[in-house]
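So the structure is just underneath, and the comments pick up after that.
The values are calculated or read from the model by the stated rules, or taken from the named source; none is laboratory data. Not measured: the values here are computed from a predicted model. In case anyone asks, the SASA skips ligands and DNA or RNA and just uses the protein heavy atoms, side chains included. Shrake-Rupley method; radii C 1.70, N 1.55, O 1.52, S 1.80 Å.
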Amino acid sequence: MSVHNDIKRVTSHTLQWMKENGEKISMLTAYDYSMARILDDAGIDVLLVGDSASNVMAGHETTLPITLDQMIYHAQSVVRAIHRCLVVVDLPFGSYQGNSKEALNSSIRIMKEAGAHAIKLEGGVEVMESVKRIISAGVPVMGHLGLTPQSIYKFGTYTVRAKEEEEAETLLKNAHALQEAGCFSLVLEKIPAKLGKQVSDELKIPVIGIGAGSQVDGQVLVMHDMLGITKDFSPRFLRRYLNLYDEIKGATEQYIKDVKSKDFPNEKEQY
Ligand code: KIV
């Protein structure tokens, strides 16, 4: 059975229902009004205003530079567009690691100023106090383990995480701890499929993967990668559904030709 067309609004309870009934959760990133509107109309379950905006919208090499104000701007644009999906917003680097009061204040700003439905943050035990404090204020929290891009300078590389037993065990412990703390779901990024399945089997809350295999409860991709707007990023887990880079480039080249040749505008395209 699918709730796809039957519900008016996706909530954290809908995601829990989906897990319990074996319906996979679809999630994509979005950062602006026009794209969010299309993705929501298509029936996406969750839109993540990811801090990957730092890469795909602002052109930074990492997710670290994006600010809380910039995340709120992106989130406001997305929230204005949607009617059905759940909107989750990333707490950006530097807006929650300091202490749990700072984490709570950043979360409250996102909920109040953007009208988001939930926040996501990266990490396990090290952010547990913040997770608990945010949830106790009534803000739903999505966890994020595995490859956590805000710690890229600690990892030193974007390769698959938790291949070794010790790191896999730590990840499992953190996943359970995030569930115990009250997270409503968890993102697992770039880990072995076997570990993704184990986490999903052991946890009651929905586990959404990006490069975490097929046996988790849902999938998330960065919208620019999935639509082929980005060209140079081709990890194994990415399926491209369009090649918009070439499509947009081709259309732009044609437009330039038409302007230069005075073909555009024609008789019917003017007053
Ligand atoms: O910021 C982002 O796009 C993310 C996804 C990769 C899950 O956190």
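Points to keep in mind about this one:
- Value of D in µm² per second that Stokes-Einstein yields for the chain, Kirkwood Rh from Cα pairs, at 37 °C (0.692 mPa s): 169
- Exposure of Y241 as accessible area (Å², to 10), given a probe of 1.4 Å and all protein chains: 130
- Computed from the Kirkwood radius of its Cα pairs, the Stokes-Einstein diffusion coefficient for the stretch 179-271 at 20 °C and 1.002 mPa s stands at 130 µm²/s.
- Cross-link pairs exceeding 18 Å in C-alpha to C-alpha distance, out of K101/K132; K132/K173; K163/K190; K19/K204; K173/K204; K8/K204, comprise K8/K204.
- Probe 1.4 Å - accessible area at D41, Å² to nearest ten: 110
- Cα coordinate range in the stretch 24-64, projected on the principal axes (Å, largest first): 31, 23, 9
- Coarse-grained scattering of the stretch 125-178 at q = 0.14, 0.15, 0.17, 0.32 Å⁻¹, given as base-10 log I(q)/I(0) from a Debye sum over alpha-carbon atoms: -0.44, -0.50, -0.62, -1.27
- Convex hull volume per residue in cubic angstrom - Cα atoms of the stretch 1-92: 92
- Inter-centroid distance (Cα atoms) of the stretch 172-189 relative to the stretch 13-38, Å: 18
- Partners for K24 among aspartates and glutamates (Cα-Cα distance below 12 Å; same-chain residues under 8 apart left out): D45, D217
- H74 - accessible surface, heavy atoms, 1.4 Å probe, Å² rounded to 10: 20
- Gaussian network model of the chain, Cα within-10 Å springs - most flexible of G43, G213, G123: G43
- Proximal aspartates and glutamates to K262, defined as alpha-carbon separation beneath 17 angstrom and excluding residues fewer than eight positions away on the same chain: E253
- Dividing the summed helix terms, -39500 (n - 2.57) for each DSSP H run of n ≥ 4, by the number of residues in the chain produces a 222 nm estimate of -11500 deg cm²/dmol to the nearest 500.
- Candidates A36, A175, A81: whichever shows maximal mean-square fluctuation once the chain is modelled as a Gaussian network with Cα springs under 10 Å: A81
- Diffusion coefficient of the stretch 56-157 by Stokes-Einstein, Kirkwood radius over Cα pairs, 4 °C, 1.567 mPa s: 92 µm²/s.
- Pairwise Cα separations in the stretch 116-271 fall into 5 Å bins from 0 onward with the following percentages, short to long: 2, 9, 15, 16, 15, 11, 8, 5, 4, 4, 5, 4, 3, 0, 0.
- Most mobile of L86, L242, L147 in a GNM of the chain (Cα contacts under 10 Å): L242
- With every protein chain in place and a 1.4 angstrom probe, the accessible-area ranking of I256, I82, largest first, reads I256, I82.
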